[in-house]
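Since the structure comes first, as structure tokens, the remarks are kept for the end.
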There are 2 protein chains.
Amino acid sequence: MGDIHKASLLATLVAACFGAQAADVDANTINRIADEGYNRGQVVSLAAHLSDRIGGRMTNSPAMRQAEKWTQQMFSTWGLQNVHLEGYDFGRGWWIESASVRMTAPRPLALSAIPVAWTPPTKGTVSAPIAVAPIRHVRDLAQYKGKLRGKIVLVSYPDAPKDDTAATFKRFDEAELGKLSTYDQPHYDPDGSFDMYKKYFEQAREIDRFMAAEGALALVKMSYRGGGLVQGEGYFHRKGETVSLPEIEMAAEDYRRLARLAKVGEVELEMNNNVHFDDRDMNAYNVLAEIPGSDPQAGYVMAGAHLDSWVAGDGAADNGAGSVVVMEAARILAQLGVKPKRTIRFALWSGEEQGLLGSLAYIQKHIATRPRPSDAAHAKLPEFMWETYPITPLPGYNEMAAYFNLDNGSGKIRGIYAEGNFAAMPVLRSWLAPFSSLGADKVVAKKTGGTDHEIMAGMGLPAFQFIQDPLDYGSRVHHSNLDTFDHLRTEDLRQAAVIMATVLLQAAESDTPMPRNVLPKQPTPTDPFLYRDPAKD
Amino acid sequence: MGDIHKASLLATLVAACFGAQAADVDANTINRIADEGYNRGQVVSLAAHLSDRIGGRMTNSPAMRQAEKWTQQMFSTWGLQNVHLEGYDFGRGWWIESASVRMTAPRPLALSAIPVAWTPPTKGTVSAPIAVAPIRHVRDLAQYKGKLRGKIVLVSYPDAPKDDTAATFKRFDEAELGKLSTYDQPHYDPDGSFDMYKKYFEQAREIDRFMAAEGALALVKMSYRGGGLVQGEGYFHRKGETVSLPEIEMAAEDYRRLARLAKVGEVELEMNNNVHFDDRDMNAYNVLAEIPGSDPQAGYVMAGAHLDSWVAGDGAADNGAGSVVVMEAARILAQLGVKPKRTIRFALWSGEEQGLLGSLAYIQKHIATRPRPSDAAHAKLPEFMWETYPITPLPGYNEMAAYFNLDNGSGKIRGIYAEGNFAAMPVLRSWLAPFSSLGADKVVAKKTGGTDHEIMAGMGLPAFQFIQDPLDYGSRVHHSNLDTFDHLRTEDLRQAAVIMATVLLQAAESDTPMPRNVLPKQPTPTDPFLYRDPAKD
């Protein structure tokens, strides 16, 4: 066989392996992307600025406002087009200037804790004895009537510490990646998550009302995990929803120590939550930027990550990592001067941590809407939980040709969750083929939730989330005070940026449009014979 | 075969398995020990009082004084005899009243750090810009000349964070226990550890002198591990040795953030070390108590654990756990009213963390002495490192029939390190045989170091350390702010107390004395052809 024949056969084999779409982007362009990302990459500096310099970015906080300005400025500097904010009604700004809590009796001891988001400040320093009043249900409140006046109240149940037998930091091996191939069939349970949320929101409000009426001074909750980690999540960000009492979430070790000491004597705390509300602008904002497409009829492809974080830590892995990878992908493509057929749009969402609110606002403005639940109780739920039908597509529904989300920490990309879009899997595989030796070629049908592609995928859009190595994201970093730059892996961020840029360009150039899913219709309950056991709640 | 014959054969077999000593203690007594320890045990309450109520107990600190009083009081309450303190020259008392460090520029942020033990206080709150001046060797100092005046100086090298791929919490499985059976042959290297210690002590002093002369305001060191852990170990406890500048040890995540920010701009800290020296009593004290033996010629057996802890955390696992197990073993045996042949002596050591100083003082008073090193530099080393000969036994040398140490956290007992006393292994196995189903029957020849049996074993005494499950002791608890009650496992403490009490009673009652090792003589260097590479230091 002559060399020419061999080359021709090779080309045929490559095309067969990569699928037709592999030819859409010049192979040289893929290498130019890798060259720019690996040899002149800026993703590490971007990550350091966002997490070290700006720090934690709770939606509508001063730091988030700073991040909104800085990210727009970067996009503009790199030559992105149509850089702008899209606002939507969110609620109050809130931030921690400083906070401290100390045990003063039976011995002096500094304790690790964080104010719970959107709870009010203490009136200066509060010094008071504690009462341990663990509450699992509203019905548990009555027993504490008349016992809490002037007390700082510990409201979590101090359960036994757990044995952390799993590795703190890990990467997927082939066996674990293989497990992602088990497709979970769709499950429709109209009351399932409703019960949980109703419990959280209504119970939290009920506890606050009771405690305030009883004359308690502040509430202390226990961190849900040990190792000194604190999170401080809180959900009452709407004006008029703010709770009455200051709250802190305390490291489990410190909380349990207080609870044990209270069994044998009096315990006193000194606590100061120097936190502030800022109601000057109740809108939250998504940051958007584009590389315009050459064909106005071809629609757009999109990359998204949420820029907002929780209140503890610097929001480095959740989701500074995803944000800077999206930014770096934009920078690389702009730097290369690509002129794709479809527009490539970049989104840095806000309000993700409070219920995917930023991407939801985008969807409601540009993509599709769902009806308000007819049931008054259901209508009070966070909107991302509305499972109502029919879904009404807006004119922009078909313009979004593909959406890629990155929000699982800083672990390198191992593949893509196709989110039940079976027809898209061969296409996605072909786009990832150049990165198989980077470990990034796994495409699975599995659906993932809890971040900004979820609502889009649930509306039938070709919206995907990347599979990423877990690192120590779930074990200790997620939402905690350890969400700092140290827990990023910079080589992983570079890999993710190169892949993100390449996949976006392939999606933007592809001759055959990305297969779309069906427009979802009202499902039947998966477990129509289910009885709920109230004892289990 | 008749029943009588079967019983007789069984007894013969049991005796063969357990060795002759198994008969020394009435089997009923072992069950009474287990009954008292498991069904009316107090070890959990003891652990809570020591760690929660008294807290961290650095030698000669006010909390350690409180612990010395409380433990004597407990021993006396339980009816132990000859309860007393044995003092020895140690140095200064030191304690933290409060401490804080905040970044004030480029953004406000509370940081996790702890004052380094025995460093002086700041003069109130110090506010200053930082300088990053990593120092590995004294020769690194010169480059910073003239650059540090008025600065808070970061002196550790901020190396890359590590991937914590090991499980945080673990128990030994059979394979891991099996690995303990590999006996490490004795290794005599007259200069090895000398180099390391000389480096620490001389270099630390040199750095302090340089920094003070340059007008630096305070030093910041980086925690040697991530995850927000801080330790704060420091060694200059002798009067006249105190360093000039205040020092803190900072969580690695926070330290590295400062170091990164300093690469791109000015960073300012606000720091307050409100720490105190207390020179009223420069003696440290061991707590001793006894159950007297019936035969004054038979000597004594001893259990020991160090009561002192480091400055971070509550000293729960290191070594509150060992201390309360020793106390509980004493309580159980006293409660049972045992009248052993040999005296059972209980020791709660101090100064362990500064170089096994408490047990060393006991040895020098009661057991044996080593000559002062002839070389002036070697003579400056901590005394537990003196490898000088001949060892001179004191009259009490032969009185100590056995010593059992417990100092590897709160993990349950898995067996005993025979510390190179091969002849003792069958005896130890027979004593542990009743506890095989508790997983506690492994006896290995291996030597372990770093705690109070080490010097005794090195002098040929029958001194042993228990093998314990590791739990999360090494991964995050050892010497850190997480050394709290939550990281103890109460079921493990109960098991250890029952076994400790039983083994002590067996050793005290045994008809055949515990095999003793030879009195060590000057060894020859194991690696006489070794060249030291100074580039590696």
Among (1) closer than 23 Å to residue B:181 by Cβ; (2) part of a loop (DSSP other than H, G, I, E, B); (3) assigned by TED's automatic domain parsing to the domain that holds residue B:39, residue B:492 falls short only on (2)
Per the list (1) surrounded by 15 or more Cβ atoms within 10 Å (Cβ to Cβ); (2) out of contact with any Lys or Arg (no Cβ under 7 Å at 6 or more places or on another chain); (3) under 25 Å from residue B:282 (Cβ atoms), residue check on residue B:154 breaks on (3)
Which residues, taken from segment A:487-504, are of a type outside the set (Asp, Glu) and under 17 Å from residue B:161 (Cα atoms)?
A:487, A:488, A:489, A:490, A:493
Keeping to segment A:38-83, report how many residues are within 17 Å of the chain's Cα centre (by Cα) and closer than 17 Å to residue A:485 by Cβ.
7
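Each row is one residue, and each column tells you yes or no for (1) in contact with a Pro (Cβ under 9 Å, 6 or more places away or on another chain); (2) surrounded by 21 or more Cβ atoms within 10 Å (Cβ to Cβ).
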{"residue": "A:467", "(1), (2)": "no, yes"}
{"residue": "A:495", "(1), (2)": "no, yes"}
{"residue": "A:519", "(1), (2)": "yes, no"}
{"residue": "A:528", "(1), (2)": "no, no"}
{"residue": "A:533", "(1), (2)": "no, no"}
In segment B:222-236, residues that are in contact with a Phe, Trp or Tyr (Cβ under 9 Å, 6 or more places away or on another chain) and either more than 22 Å from residue B:314 (Cβ to Cβ) or buried (at least 24 other Cβ atoms within 10 Å of the Cβ) (or both) total 4
Could you check how many residues of segment B:161-194 are within 14 Å of chain A (Cβ to nearest Cβ) and not hydroxyl-bearing (Ser, Thr, Tyr)?
12
Cβ contacts < 6 Å: first residue closer than 22 Å to residue A:198 by Cα, restricted to segment A:113-140; second residue loosely packed, with under 15 Cβ neighbours inside 10 Å and modelled with pLDDT of 95 or more, any location; separation 6+ or different chain. Result?
A:134/A:157
When the residues of segment A:109-131 are filtered to those that are under 27 Å from the mean Cα position of the chain (by Cα) and within 14 Å of chain B (Cβ to nearest Cβ), which remaining residue is surrounded by the fewest Cβ atoms within 10 Å (Cβ to Cβ)?
A:112
Restricting attention to segment A:182-203, does a residue exist that is β-branched (Val, Ile, Thr), within 30 Å of residue A:504 (Cα to Cα) and either within 27 Å of the chain's Cα centre (by Cα) or in a strand (DSSP E or B) (or both)?
yes
Residues located in segment A:406-425, provided they are more than 28 Å from residue A:168 (Cα to Cα) and in contact with a helix residue (DSSP H, G or I) (Cβ under 9 Å, 6 or more places away or on another chain)
A:420, A:421
Answer yes or no as to whether residue B:484 is farther than 14 Å from residue B:414 by Cα, surrounded by fewer than 24 Cβ atoms within 10 Å (Cβ to Cβ) and modelled with pLDDT of 95 or more.
no
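Show me the strands (runs of 3 or more DSSP E) found entirely inside segment B:336-448 where at least 2 residues are small (Gly, Ala, Ser) and surrounded by 17 or more Cβ atoms within 10 Å (Cβ to Cβ). Before the answer, list the steps.
Working: elements: B:343-349, B:400-405, B:413-417, B:442-444.
Output list reads B:400-405.
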Subset of segment A:127-158 (residues that are in a loop (DSSP other than H, G, I, E, B), more than 15 Å from residue A:245 (Cα to Cα) and charged (D, E, K, R)):
A:136, A:145, A:147
Of the candidates B:503, B:518, the one satisfying the condition of being of a type outside the set (Phe, Trp, Tyr) and not in a loop (DSSP other than H, G, I, E, B) is B:503
Where residues in segment A:82-102 are within 10 Å of another protein chain (Cβ to nearest Cβ) and of a type in the set (A, V, I, L, M), which of them is farthest from residue A:153 (Cα to Cα)?
A:96
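Looking only at segment A:22-73, filter to residues that are assigned to a helix (DSSP H, G or I) and of a type in the set (D, E, K, R); which one of those is farthest from residue B:254 (Cα to Cα)?
Keep residues of segment A:22-73 that are assigned to a helix (DSSP H, G or I), which gives A:22-23, A:27-39, A:43-54, A:62-73.
Within this subset, residues satisfying the condition of being of a type in the set (D, E, K, R) are A:32, A:35-36, A:52-53, A:65, A:68-69.
Working: A:32: 37, A:35: 33, A:36: 31, A:52: 10, A:53: 13, A:65: 24, A:68: 25, A:69: 25 Å.
Step by step, filter segment A:22-73, then rank; the result is A:32.
The values are calculated or read from the model by the stated rules, or taken from the named source; none is laboratory data. No experiment lies behind these values; they were computed from the predicted model shown. Backbone-built Cβ (ideal geometry, glycine too); neighbour counts: all protein chains shown.
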